[in-house]
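Read through the structure below, which is laid out as structure tokens, and then see the notes.
All of the numbers you see were taken from the coordinates with simple rules; none came from a lab. What you see is a predicted model, and the numbers here were worked out from it, not measured in a lab. Glycine gets a Cβ as well: all are built from the backbone with ideal geometry, and neighbour counts include every protein chain shown.
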């Protein structure tokens, strides 16, 4: 998504990077997103986690309620992405092992 390199997006990402802990992150996203928007973001993330863990579409749907279209969208993101999920998964694995 080339447009995400625009200045306004870069400023938003910079703002996110100033958050220091889960509580600050929760407060910020509660102010920025509606519940529905946040729920959609979290659902896509959980789908990615389960795909990374080699779960089936059926398991993912039952666990997250995500439609097959949403699951397919996340599959495409994982296959043709900027490796954002991969970066997060690797860093989380490092923090979980400490």
Where the Cα atoms of the chain are projected onto their three principal axes, how long is each span, largest first, in whole Å? 37, 35, 27
Angle between the chain longest axis and helix 35-52 axis [Cα atoms, degrees, rounded to 10]: 50 degrees
Length-normalised contact order of the stretch 34-98 in % [C-alpha pairs under 8 Å, at least 6 apart]: 30 percent
Residues 17, 78, 4 in order from fewest to most other beta-carbon atoms within 10 Å are 17, 4, 78
Could you give the length gained by full extension between residue 73 and residue 9, i.e. 0.36 nm per residue of separation minus their alpha carbon distance, to one decimal place? 20.9 nm
Nearest 10 degrees is fine. How inclined is helix 7-17 to the longest principal axis of the chain, computing both from alpha carbons? 80 degrees
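Going by how many other Cβ atoms sit within 10 Å of their own, how do 38, 50 line up, fewest first? Provide the component values of the computation, followed by the final result.
On the way: 38 14, 50 20.
So the ranking, lowest neighbour count to highest, is 38, 50.
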If you line up the long axis of helix 68-79 against the longest principal axis of the chain, both from Cα atoms, how many degrees apart are they, to the nearest 10? 70 degrees
